[in-house]
Amino acid sequence: MKKIYALNASPRKGWNCDQILDCFIQGVKETSGEIEIEKVQLYDLDYKGCRSCFACQLKKTEQGHCLFRDGATDLIRGIKSGDGLVFAAPVYYFDVPSQMRAILERLFYPGDADHEIPVTAIYTMNQPEEVANRVFKKHLDDIAFFFRQEFKTDPEQLYVYNTLHWRHPERYNFPMEWYEEKLKVHEAQFPADQNAAYQAGIRFAQKIVSRL
């Protein structure tokens, strides 16, 4: 049995990231029963990013592991010893949110994993594709660079554009016309995004199964 970790890096359960991640998980489950999936809501955990304590770099330390203990310790060690990682993260200010960034710091800085770990990175954003490509996609590509360096893998990256912020627009300080336009795009595009995540899950599972 292989084990993979599926991280929802959004604080909003049941919304865009969570829904897309569940479609990916469905693709994995329907492809193979030989893969255990641990889904984690990062905002349910209490932890911090790298403290630059250098304990992971001591010669007596088990290579590749963060020694600091908090709510993410078991998760980080599990990912490093596991067989695959998928995460879904919204884009906040050109980058992943702080909870995901903290996990990445503690995954990358201790050093290389001792085996190849396949990765799929899913990013959701309320911007159209042309804006994402022009303004902040380069920041997300930097994350892929570190996965290639530390996890010995070339991550698949899945982008979900023009997401819907919320239901009940009357509650918020945004023009109704803006919401109605976003809703039209969401209703037309989001099902295709869900299917893309499902298909990515199938590809991911096939990669994992090929190592059984």
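Coordinate-derived values only; no laboratory data. Only a predicted model underlies this, so the values are computations on that prediction, with no experimental measurement involved. Glycine also receives a Cβ, built like all others from the backbone with ideal geometry; neighbour counts cover every protein chain displayed.
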Zone of K3 (label point 7 Å along Cα→Cβ, backbone N under 18 Å): which residues in the stretch 92-121? 107, 113-119
Can you work out the Karplus-derived ³J(HN,Hα) for every residue in the stretch 24-39? Use 6.51 cos²θ - 1.76 cosθ + 1.60 with θ = phi - 60°, whole Hz, and x for glycine or proline. 4, 4, 4, x, 5, 4, 6, 8, 8, x, 9, 10, 8, 10, 9, 8
For K137, K13, which order do you get if you count the other beta carbons within 10 Å of each Cβ and list the fewest first? K13, K137
Whole-angstrom gap from the stretch 89-114 to the stretch 187-210, using each part's C-alpha centre: 22 Å
Using only DSSP helix segments of four residues or longer, with each worth -39500 (n - 2.57), what per-residue ellipticity at 222 nm results for the chain after dividing by its residue count and rounding to 500? -14000 deg cm²/dmol
Under a point spin-label approximation (7 Å from Cα along Cα-to-Cβ), what is the K29-D95 distance to one decimal in nm? 3.4 nm
Taking neighbour counts of Cβ atoms within 10 Å as a proxy for exposure, in what order, fewest first, do S81, S52, S10 appear? S52, S81, S10
Per GNM of the chain with C-alpha springs under 10 angstrom, the most fluctuating residue out of F54, F174, F151 is F174
Quick check: pseudo-label points 7 Å beyond the Cα along Cα→Cβ at Y109 and F145, how many nm apart are they? 1.9 nm
Going down the list K29/K152; K29/K182; K137/K184, which pairs span over 28 Å between their C-alpha atoms? K29/K182
What range in the chain is the longest one free of GluC sites (Glu not before Pro) that are in a loop by DSSP and have at most 15 other Cβ atoms within 10 angstrom? 117-212
From the square roots a ≥ b ≥ c of the eigenvalues of the alpha-carbon gyration tensor of the stretch 1-81, which class results: rounded (a/c under 1.5), prolate (a/b over b/c), or oblate? oblate
Could you list which residues have their amide H under 5 Å from that of Q127, counting only those 5 or more apart in sequence or on another chain, with H placed in the peptide plane? N162, T163
For labels at W178 and K13 in the simple 7 Å Cα→Cβ model, what's the distance in nm? 2.9 nm
What value does the chain have for Rg/Rh, both radii from Cα atoms and Rh as Kirkwood defines it? 0.99
Tell me, what HN-Hα J-couplings in whole Hz come from the Karplus equation 6.51 cos²θ - 1.76 cosθ + 1.60 at θ = phi - 60° for each residue of the stretch 6-22, using x for Gly and Pro? 10, 10, 9, 9, 9, x, 9, 5, x, 9, 3, 4, 4, 5, 5, 4, 5
³J(HN,Hα) computed for each position of the stretch 95-111 - Karplus, 6.51 cos²θ - 1.76 cosθ + 1.60, integer Hz, glycine/proline x: 8, 5, x, 4, 5, 6, 4, 4, 5, 4, 4, 7, 7, 7, 5, x, x
Can you figure out the FRET efficiency of C53 with D74, using R₀ = 22 Å and their beta-carbon distance, to the nearest 0.05? 0.75
If each residue of separation counts as 0.36 nm, what is the full-extension length gain between D154 and R167 once their alpha-carbon separation is subtracted? 1.1 nm
